[in-house]
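Chemist: Before anything else, here's the structure in question.
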Amino acid sequence: MAFEELQEKITPQNPSREASPARGASLPQDAAIPTPRMPLREWQASKSIDRSSQVKITRLSHMRYQHPDLSEITTFLRDFGMSIAKKAEGKRWFKGYGTDQYVYYAQEGPKKFLGGAFEVESYAGLEKAAKIPGASEIQEMEDAPGGGHMVTVYDPEGFPINVIYGQTPKPAGPMPEVLQTNYEVQKPRVAAFQRFKPGPAAVHKLGHYGLCVQNFAAQVEFYTRNFTFAPTDFLYVDGEAGEKKDVAVFLHVDIGEKYTDHHTFFMSTNPTSHVHHCSFEVHDFDSQNLGHEWLAKKGYESVWGVGRHILGSQLFDYWWDTSGNMVEHYADGDLVNEDTPVGWGEAGHESLAVWGPECPKWFLD
């Protein structure tokens, strides 16, 4: 959105209606989402997507990876803000402070991506997923905390996606305090003093993960037709004939009128197929920065951050784990639902963040 257009969308708290630099504004989605745009149900109809035939996923549960050194990755994930939920021979489950039994599963072996895991609304969803060509049989997760069953499906480029059902949630907590903030005029924090303790930024839940793919159109078709993934935003480039070519997409879980994260799954076009990153939610901006300093002092390698994304609005902070996988902390992301229109924006590094360190030139490679 152009700077002049923002002046017409300024929040009521600023009666002068003058936008200024270095100031945020919480815009309604009709003002914030770029044009062109299209109602979600209209987009699905244009693709002849039969919503009744989709595997109905409800949320993202956990990530699954294989690591050559379980001890090394365990130390990293603890410094990243997770704790061990369970140990078994050659296996580890790591939890956050949310209701998920675990947010990360690691098994010993050569470096390998084992996919994200999404919960489905019923056992029938597992049966439907098992009928997708190339899918595994329904497997009982006997060793896993909370139990449940799982099916693994493979997309056209061979990436696994797991769907689970029947896992018993755990009690949440302890939950971090929601801190009050004093502003220029509104000063609710009286005789209360902000104090912080250095340490890992505790993980609440898994938020999203992303893939770089070769056949972008086929991948979008596979995920949005077979599962209840819906586009929130597309990024495009101008083609040789002047047409706009979609090269990246942010997908959310379509659960109707209920609000959910801006994106749970991300894909971008690339000459080689590979995993881009996975991302975990932390409490707030202070947690984000304390976690950044903790990881830096421990000698881990930063990728990019701390900064603020544009699409999704999250505070972000990317790191390399000890096996060479990219992982992210995020906080304060946007929420969307079926009434959020699908938006299109121009691709480019300048569209990734409104502030923060310079984006690495290879970040989307």
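The values are calculated or read from the model by the stated rules, or taken from the named source; none is laboratory data. Since we're looking at a predicted model, the values are computed, not measured. Reconstructed Cβ throughout: ideal geometry from the backbone, glycine too, with neighbour counts over all protein chains shown. We work out accessible area using only protein heavy atoms, side chains counted, and drop any ligands, DNA or RNA first. Shrake-Rupley method; radii C 1.70, N 1.55, O 1.52, S 1.80 Å.
Chemist: If each DSSP helix of 4+ residues adds -39,500 (n - 2.57) and the sum is divided by the residues in the chain, what number results at 222 nm, nearest 500 deg cm²/dmol? Don't jump to the answer; show the numbers that get you there.
Modeler: Numbers: 7 runs with 59 residues, N = 365.
It comes out at -4500 deg cm²/dmol, rounded to the nearest 500.
Chemist: So, one more: Sort 183, 102, 97 by heavy-atom solvent-accessible area, probe 1.4 angstrom, most to least. Walk me through the numbers before you get to the answer.
Modeler: On the way: 183 125, 102 0, 97 25 Å².
Accessible-area ranking of 183, 102, 97, largest first: 183, 97, 102.
Chemist: Still on this structure: With the full set of protein chains in place, find how many percent of the accessible area of the chain is carbon and sulfur; take the probe as 1.4 Å.
Modeler: Values: 9230 of 18030 Å².
After summing per-atom areas, the C and S share lands at 51 percent.
Chemist: May I ask you to give the solvent-accessible area per residue for the chain, in square angstrom, as obtained with a 1.4 angstrom probe? It would help to have the intermediate numbers written out before the result.
Modeler: On the way: 18030 Å² over 365 residues.
Per-residue accessible area for the chain comes out at 49 Å².
Chemist: Please report, in debye to the nearest 20, how large the charge dipole of the stretch 25-179 is about its Cα centre when each Lys and Arg carries +1 at its beta carbon and each Asp and Glu carries -1 there. Spell out each step's value before the answer.
Modeler: Numbers: 18 positive and 19 negative charges, 37 e Å.
Its charge dipole is roughly 180 debye.
Chemist: How large is the accessible surface of residue 292 in square angstrom, using a 1.4 angstrom probe and rounding to the nearest 10?
Modeler: 40
Chemist: OK, next. What are the semi-axes of the equivalent ellipsoid of the stretch 136-235, taken as the square roots of 5 times the eigenvalues of the Cα gyration tensor, listed largest first and rounded to whole Å?
Modeler: Numbers: eigenvalues 320, 108, 29 Å².
Result for the stretch 136-235: semi-axes of 40, 23, 12 Å.
Chemist: By what distance, in whole Å, do the Cα atoms of the stretch 239-297 stretch along each of the three principal axes, largest value first?
Modeler: Cα extents, longest axis first: 49, 36, 21 Å.
Chemist: Only four residue types carry charge here, +1 at the Cβ of Lys and Arg and -1 at the Cβ of Asp and Glu. Report the dipole size of the chain about the Cα centre in Debye, rounded to the nearest 20. Mind dumping the intermediate values first?
Modeler: Working: 34 positive and 49 negative charges, 197 e Å.
With Lys and Arg at +1 and Asp and Glu at -1, about 940 debye.
Chemist: Sticking with this one: Could you give the dipole magnitude of the stretch 164-276 about its Cα centre, charging the beta-carbon of Lys and Arg +1 and that of Asp and Glu -1, in debye to the nearest 20? Walk me through the numbers on the way to the answer.
Modeler: On the way: 10 positive and 11 negative charges, 163 e Å.
Dipole magnitude for the stretch 164-276 comes out near 780 debye.
Chemist: Something else about it: Please check which bits of the stretch 60-92 a label hung off residue 175 would reach, taking the label as a point 7 Å along Cα-to-C-beta and the cut-off as backbone N under 14 Å.
Modeler: Taking a point 7 Å out along Cα→Cβ of residue 175, no residue of the stretch 60-92 has its backbone N under 14 Å.
Chemist: Kirkwood hydrodynamic radius, the stretch 26-117, all distinct C-alpha pairs: what's the number in Å? Write out the running numbers ahead of the final one.
Modeler: Details: mean 1/r = 0.0606 Å⁻¹.
One decimal place: 16.5 Å for the Kirkwood radius.
Chemist: Per Stokes-Einstein, at 10 °C and 1.306 mPa s, what whole-number D in µm² s⁻¹ belongs to the stretch 210-322, with the Kirkwood radius over Cα pairs as the hydrodynamic radius?
Modeler: Values: Rh = 16.0 Å.
It diffuses with D of about 99 µm²/s by this estimate.
Chemist: Tell me, in nm to one decimal, what length is gained between residue 108 and residue 142 on full extension, where the rule is 0.36 nm per residue of separation less the Cα-Cα distance? The partial results should precede the final answer.
Modeler: Numbers: separation 34, 0.36 × 34 = 12.24 nm, distance 1.77 nm.
That works out to 10.5 nm of additional length.
Chemist: I'd like the antiparallel share, as a percent to the nearest 5, of DSSP beta bridges with both residues in the chain.
Modeler: Details: 62 of 85 bridges.
Bridges in the chain are about 75 percent antiparallel.
Chemist: Rule-of-thumb check for the chain: C-alpha Rg over 2.2 N^0.38 Å?
Modeler: Details: Rg = 20.9 Å, N = 365, 2.2 N^0.38 = 20.7 Å.
After normalising by residue count via 2.2 N^0.38 Å, the value is 1.01.
Chemist: What nm distance separates the two modelled labels at residue 38 and residue 286, each placed 7 Å from Cα along Cα→Cβ?
Modeler: The modelled label-to-label distance comes out at 4.5 nm.
Chemist: Below 8 Å between Cα atoms, with a sequence gap of 6+, how large is the relative contact order for the chain in percent?
Modeler: Working: 783 pairs, mean separation 62.8, N = 365.
The normalised contact order for the chain reaches 17 percent.
Chemist: Using the charge dipole of the stretch 278-365 (Lys, Arg: +1 at Cβ; Asp, Glu: -1 at Cβ; taken about the Cα centre), state which of 279, 310, 362 has its Cα farthest towards the positive end.
Modeler: Most positive-ward Cα: 362.
Chemist: What distance in nm lies between label points placed 7 Å from Cα along the C-beta direction at residue 337 and residue 320?
Modeler: 4.3
Chemist: May I ask for the percentage of alpha-carbon pairs in the stretch 274-335 that lie more than 20 Å from each other?
Modeler: Numbers: 397 of 1891 pairs.
For the stretch 274-335, the share of Cα pairs beyond 20 Å comes to 21 percent.
Chemist: Between residue 131 and residue 272, what is the label-to-label distance in nm when each label sits 7 Å out along the Cα-to-Cβ direction?
Modeler: 3.9
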